[in-house]
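The structure appears right after this line, and notes come after that.
The values are calculated or read from the model by the stated rules, or taken from the named source; none is laboratory data. The structure displayed is predicted, hence computed values, not measured ones. As a convention, Cβ positions derive from the backbone with ideal geometry for all residues, glycine included, and neighbour counts pool all protein chains shown. Note: accessible area is taken over every heavy atom of the protein model, side chains too, but ligands, DNA and RNA are not part of it. Shrake-Rupley method; radii C 1.70, N 1.55, O 1.52, S 1.80 Å.
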Amino acid sequence: QVQLVESGGGLVQAGGSLRLSCGASGGTLSTYVMGWFRQAPGKEREFVSGINPSGSMTVFTDSVKGRFTISRDNVKNTVYLQMNNLKPEDTAVYYCAKSRGIIVQKISSAYAWWGQGTQVTVSS
């Protein structure tokens, strides 16, 4: 049973940067789509970004395009989310998730395994 563990969250001022990492134990990530989701207080969990197994295709929600980058290192079994020019509205718990398949999808039901989440707080 794969276990996903996120790290890299924290408190940052608006305009700052953070890099989230998602590592896995008990299974490989290399043959699956990986996604990042976030959930702000009082809001539903939303898709942030996804990446296909080879890393050749990435998808972003409109609000983070041009600011966030997703990447993966299949040798290290790790996925990253580089977040630049952070805004207060990016404040949320960020989750990484492993998809059931190889097509990047934005719906949470397409992802079968989830990490515990890491808090990102952006102050204005």
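Odds and ends about this structure:
- Residues located in the stretch 81-91, provided they are outside any helix (DSSP H, G or I) and open to solvent by less than 30 Å² (accessible area, probe 1.4 Å): LEU81, MET83, LEU86
- Residue within the stretch 12-31 that is farther than 19 Å from GLN116 by Cα, more than 14 Å from the chain's Cα centre (by Cα), open to solvent by 60 Å² or more (accessible area, probe 1.4 Å) and modelled with pLDDT under 95 present: yes
- Selection status of SER99, buried (at least 18 other Cβ atoms within 10 Å of the Cβ) and either in contact with a His (Cβ under 8 Å, 6 or more places away or on another chain) or touching a residue at least 24 places away in the same chain (Cβ under 8 Å) (or both): yes
- Some residue of the stretch 56-71 being within 14 Å of GLY115 (Cα to Cα), touching a residue at least 40 places away in the same chain (Cβ under 8 Å) and part of a strand (DSSP E or B): no
- Selection within the stretch 36-53: residues that are touching a Phe, Trp or Tyr at 6+ places or on another chain (Cβ under 8 Å) and outside any strand (DSSP E or B). The member of this set that is most open to solvent (accessible area, probe 1.4 Å) is ARG45.
- The one condition from (1) closer than 21 Å to SER123 by Cα; (2) open to solvent by 30 Å² or more (accessible area, probe 1.4 Å); (3) in contact with a strand residue (DSSP E or B) (Cβ under 9 Å, 6 or more places away or on another chain) that MET57 does not meet is (1).
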